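Taking it in order: structure first as structure tokens, then the write-up.
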Amino acid sequence: MELRNGFKKKWWHDAIFYEIYIRSFADSNGDGIGDINGIISKLDYLKDLGVDAIWITPFYPSPMFDCGYDISDYKSIAPEYGTLEDFDRLIKEAHDRGIKVVLDMVLNHTSDQHYWFQEAKKSKDSKYRNYYIWAEGKEGKAPNNWYSIFGGSSWEYNEATGDYYYHAFFPQQPDLNWRNEELKKEMFDVIRFWLDRGVDGFRLDAINFLLEDAQLRDNPGEGQEQEHIYDRDQDDTHDVLKELRAVLDEYEDKVLIGEVFPGTPGQSQKYYGSGNDELHLAFNFLMLKLASYHLDFNAATLRKETQLWDEATKEVGWPVAVMGNHDQPRAYSSFGEYISEPYREKLAKGIAVYLLTSKGTPFLYYGEEIGMENYLFMDPEEFRDNSGKWLYNYLTKEKGVPHEEAILKANDWGRDKCRTPMQWSKEKNAGFTTADKAWTLINPQYKEKNVEDQLKDENSFLNFYKKLIRLRKEKEPLMAGDYVWIDNDSRDYMGYIRKSSKGEVLVLINFTDKEIRLDENMFINKREKINLLLSNYSDSTFTKDFILKPAEALLAEFV
Ligand code: GLC
Ligand code: CA
């Protein structure tokens, strides 16, 4: 099959991806920590849900300062997650079920506990010195004004060598020097190591952070407000990505998915490469952005962003549809802010309709399919994510902000709220672990929202997801079709037809808590009849009266 612009359809164009935050997914050995064998035990569940590929967050040895995104050994598995043998079994068991496995790969930085860095920081003559980025201070201060993602200067002073090293994230995550050929070779070797073990591709962490301006020029602006002109998105990042893609292409049918941050359409477009020679997919942070920045969200903002993304990827590749990940608030909670209480669940289903009927590869975040919500951590002692911890301490200790206010801000910025264990059942600890306590707090909501109960209930959130996924696979236009937009101006509802040579599917989503009556001529035209495929109301009357109930979302066909 040919997709637009002559792109041949590959497995990842129509795969349903599912992100597994390994530490919180399923614990097989009762130590309170999710692990590889836990994932294996849930493969049948994922298969039944309709998942075609899993992306597993980092499981490599790590001091866990950034929950595994600080790797100290790239070619092995942290003992709490299992062994390489377990991993090989995971690959086999997943592949036996037709599920692909994608790994999270952190190329931008290592842990400061990695052997290379431990050696590099000892002396300027270290063999590994040039694996990292070093600079002399200026008048006793950092070499320039670059500001790190997690707060504070991006430069850290190193006693032994009397100069500074660069870190885009925490000081415990020193950035690698991708202008060093030797380092490049080492990392490509890591890529081959996992490809040789049978993985199907990678999700590349913070990929647009890979290189920095060689002259280390100051960014315009200061602190958090600065424009990241010189510390991200450098031109030669694309040269490295092309080389990396060539390594990947030594193997057959592997996929490269990149986290390009903050991921505006124009910025992300560049990472597909000019000749389809860099990433296959770049995350679209549109929903994440709309959700987390408390913007004025309505049908018009979402439609406009969707159109921009469609346009931006038209020539270069294929879009991604995603509503949540391990860094962002849970979609259910974010979008719930935009509607009155009785319709929160309806709207969350509407957002799922958008996710699974829009053009692009859908990525689900574990628990999203049962409507998991944010869980606020009200005791700072319980924080596991150092970014929330950092902000709480900064606000209370340095800014004198009272606890009540600081804890909310720390929850907003921190990521613990979306990393609580998967809610499998209403058993103790949500069926996640047999240990007394899990590694992090469990959302007590598991008693009402869990997989076991939802599997049994025909009208559950989970079964709605399953039906949507099934429809996405059955109705070819939902994958390959172009958009025909209905009512380009409405702020209240979104309407489109996905249209291909094989047919048409109509999608309507009411984003308000009011009824909306539509003019049937807008989409019926010369067509005879309209046939409902799925609605988030079991008593939808739309095909008779063309009324969308409050927060109603539906798919329909013309017959
Ligand atoms: C990415 C990850 C995030 C991590 C950061 C640094 O944004 O998704 O969890 O903290 O990179 O590795
Ligand atoms: Ca475990």
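General remarks:
- Which numbered condition Ile149 misses (of (1) of a type in the set (Val, Ile, Thr); (2) touching a Leu at 6+ places or on another chain (Cβ under 6 Å); (3) at pLDDT below 95): (2)
- Residues that are hydrophobic (A, V, I, L, M, F, W, C), open to solvent by 20 Å² or more (accessible area, probe 1.4 Å) and without any contact (Cβ under 8 Å) to a residue 40 or more places away in the chain within segment 142-190 comprise Ala142, Ile149, Ala160, listed in sequence order.
Yes/no matrix, rows are residues, columns are (1) under 24 Å from Pro58 (Cβ atoms); (2) open to solvent by 10 Å² or more (accessible area, probe 1.4 Å); (3) of a type outside the set (A, V, I, L, M):
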{"position": "Gly273", "(1), (2), (3)": "no, no, yes"}
{"position": "Glu311", "(1), (2), (3)": "no, yes, yes"}
{"position": "Lys314", "(1), (2), (3)": "no, yes, yes"}
{"position": "Ser333", "(1), (2), (3)": "no, yes, yes"}
{"position": "Pro342", "(1), (2), (3)": "no, yes, yes"}
{"position": "Ile351", "(1), (2), (3)": "no, no, no"}
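- Single residue of segment 519-559 satisfying the filter (modelled with pLDDT of 95 or more and hydroxyl-bearing (Ser, Thr, Tyr)) that is nearest to the chain's Cα centre (by Cα): Ser535
- Selection count where residues are within 16 Å of ligand 1 (Cβ to nearest atom), touching a strand residue (DSSP E or B) at 6+ places or on another chain (Cβ under 8 Å) and in a helix (DSSP H, G or I), scope segment 13-35: 1
- Residue match in segment 36-57 (condition: within 16 Å of ligand 1 (Cβ to nearest atom), part of a loop (DSSP other than H, G, I, E, B), more than 30 Å from Ser460 (Cα to Cα) and in contact with a Gly (Cβ under 8 Å, 6 or more places away or on another chain)): no
- Restricting attention to segment 191-247, the residues that are open to solvent by 60 Å² or more (accessible area, probe 1.4 Å) and part of a loop (DSSP other than H, G, I, E, B) total 9.
- Every pair of residues 6+ apart whose Cβ atoms lie under 7 Å, when the first sits in segment 3-29 and is closer than 15 Å to Pro319 by Cα while the second is part of a helix (DSSP H, G or I) and open to solvent by 20 Å² or more (accessible area, probe 1.4 Å): Leu3/Ala480; Arg4/Lys314
- Qualifying residue in segment 490-506 (condition: among the acidic types (Asp, Glu), over 28 Å from the mean Cα position of the chain (by Cα), more than 20 Å from Leu356 (Cα to Cα) and open to solvent by 30 Å² or more (accessible area, probe 1.4 Å)): no
- Candidate set from segment 84-118 (those that are more than 16 Å from ligand 1 (Cβ to nearest atom) and closer than 21 Å to Asp189 by Cβ); member that is most open to solvent (accessible area, probe 1.4 Å): Tyr115
- Residue within segment 62-84 that is more than 13 Å from ligand 2 (Cβ to nearest atom) and not in a loop (DSSP other than H, G, I, E, B) present: yes
- Condition check for Ile516: modelled with pLDDT of 95 or more and over 25 Å from Leu462 (Cβ atoms): yes
- Any hit, segment 70-78, residues being within 16 Å of ligand 1 (Cβ to nearest atom), within 16 Å of the chain's Cα centre (by Cα) and among the hydroxyl-bearing types (Ser, Thr, Tyr): no
- Long-range neighbours under 6 Å by Cβ, at least six apart or interchain, first residue outside the structural domain of Trp413 (by TED's automatic domain parsing) and over 19 Å from Phe169 (Cβ atoms) within segment 215-240, second outside any helix (DSSP H, G or I) and open to solvent by less than 60 Å² (accessible area, probe 1.4 Å): Arg217/Tyr230; Asp218/Asn144; Asp218/Asn145; Asp236/Leu211
- Evaluated against (1) more than 16 Å from ligand 1 (Cβ to nearest atom); (2) touching a residue at least 24 places away in the same chain (Cβ under 8 Å), Arg330 falls short on exactly one condition, (1).
- Lone unmet requirement of (1) more than 16 Å from ligand 2 (Cβ to nearest atom); (2) at pLDDT 95 or above for Val316: (2)
- Residues in segment 119-138 that are of a type in the set (Ser, Thr, Tyr), surrounded by 14 or more Cβ atoms within 10 Å (Cβ to Cβ) and away from ligand 1 (no atom under 16 Å from the Cβ): Ser126, Tyr128, Tyr131.
- Looking across Gly50, Gly34, Gly38, Gly30, one residue alone is open to solvent by less than 50 Å² (accessible area, probe 1.4 Å) and away from ligand 2 (no atom under 16 Å from the Cβ). It is Gly50.
- Here segment 1-27 is the region considered, the condition is being of a type in the set (Gly, Ala, Ser) and away from ligand 2 (no atom under 16 Å from the Cβ), and the residue that is nearest to Leu478 (Cα to Cα) is Ala15.
- Lone qualifier among Leu462, Leu441, Leu408 - being under 26 Å from the mean Cα position of the chain (by Cα) and within 20 Å of Lys349 (Cβ to Cβ): Leu462
- Highlighted here are the helices (runs of 4 or more DSSP H) found entirely within segment 344-422 that include at least 2 residues which are of a type in the set (Gly, Ala, Ser) and without any contact (Cβ under 8 Å) to a residue 60 or more places away in the chain: 403-413.
- Matching entry among Phe335, Phe297 (being of a type in the set (Phe, Trp, Tyr), part of a helix (DSSP H, G or I) and away from ligand 2 (no atom under 16 Å from the Cβ)): Phe335
The values are calculated or read from the model by the stated rules, or taken from the named source; none is laboratory data. The shown structure was predicted, so the numbers you read here are calculated from the model rather than taken from an experiment. Here the Cβ is made from the backbone with ideal geometry for all residues, glycine too, and neighbour counts use every protein chain on show. Ligands, DNA and RNA are excluded from the accessible area calculation, which covers all protein heavy atoms including side chains. Shrake-Rupley method; radii C 1.70, N 1.55, O 1.52, S 1.80 Å.
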